[in-house]
Amino acid sequence: MKHLLKMLDLSKEEIIDILNLADQLKYENKNGIQHHLLKGKTLGMIFQKSSTRTRVSFETGMYQLGGQALFLSNRDLQIGRGEPVQDTARVLSRYIDGIMIRTFEQKEVEDLAKYGSIPVINGLTDFCHPCQVLADLMTIREFKGRFDGLKMCYIGDGNNMANSLIVGGLKVGMEVAIACPMDYQPDSQVLEFAKEYGDKFSMTDIPLKAAENADVLFTDVWTSMGEEAETEKRKIAFKGYQINDEIMAVAKPDAMVQHCLPAHREEEITAKVFEAHADEIFEEAENRLHAQKAVMVKVMGSEKE
């Protein structure tokens, strides 16, 4: 595993391998066991989109792994003033040991990997959010103990989270059901991939149908970063696409709820449901740290060190 560009690139075995290492690193972290697997290495963190969880978890993770992280915003890089991505990739490859980038276009991430000679980790693009979904899968397995036989339901925008959840959920053996408005469906590339899994994948515009007998329910904000001009239009389109008591009533009695955060209470999820499942949601948030540490070790280091 050289890079983490998108969930589509990973095999089931690679996903499970990352999750197993994440579990180990989390256990060691909780028990005060140091794991300086990236001692002396540097991660450059490029942020075209700002973030609380991505920045803090990657920066903290590199520190705990014995390395250091450099925060690089648009204002800090020539890429923000028109330097081609390929030039930035080739320059950074001579200074640092890995790049994490959180940006808009998936092509920018792919180009960094293509022209650079160091590992690239996708911290988020408009197409996918692999680091978040690895943390989500880690959390599901932590609470449910398995993937096989479980049903995942996602309600909301067919965005980067939906794209990555579909791929990740199907690859590890879960049934995946998506509920989204007709005009806000997941990416066609992802839907084509999902066809390979037959009736293990379903998509509808009726949230209650998707949520039937679900073991885990996901949602995300109706308006993602960069789409603020569409806020009012989206509020109309997504009315009813909310995790609430009605949705929980048709899911399994022990269904868990996940949210990548930040959450807009009373829009995509009610405050009541959010608080009832806060332990699961904030464990999911914490697991970003452990899952990303596992990814960094896999692409930037060696577990033998």
Which is out of contact with any Pro (no Cβ under 9 Å at 6 or more places or on another chain), surrounded by 21 or more Cβ atoms within 10 Å (Cβ to Cβ) and under 21 Å from PHE193 (Cβ atoms), of LEU19, LEU4?
LEU19
Kindly indicate whether any position in the stretch 117-139 is more than 19 Å from the chain's Cα centre (by Cα) and not in a strand (DSSP E or B).
yes
Given the conditions (1) part of a helix (DSSP H, G or I); (2) at pLDDT 95 or above, which single one is not true for TYR241?
(1)
Filter the stretch 22-49 for residues that are over 30 Å from ARG94 (Cα atoms) and surrounded by 19 or more Cβ atoms within 10 Å (Cβ to Cβ) and give the result.
LYS26
Could you tell me which residue of the stretch 156-215 is farthest from GLY240 (Cα to Cα), considering only residues that are in a helix (DSSP H, G or I), hydroxyl-bearing (Ser, Thr, Tyr) and in contact with a helix residue (DSSP H, G or I) (Cβ under 9 Å, 6 or more places away or on another chain)?
TYR197
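The values are calculated or read from the model by the stated rules, or taken from the named source; none is laboratory data. These numbers were taken from a predicted model, which means no experiment stands behind them. Note: ideal-geometry Cβ built from the backbone for every residue, glycine included; neighbour counts use all protein chains shown.
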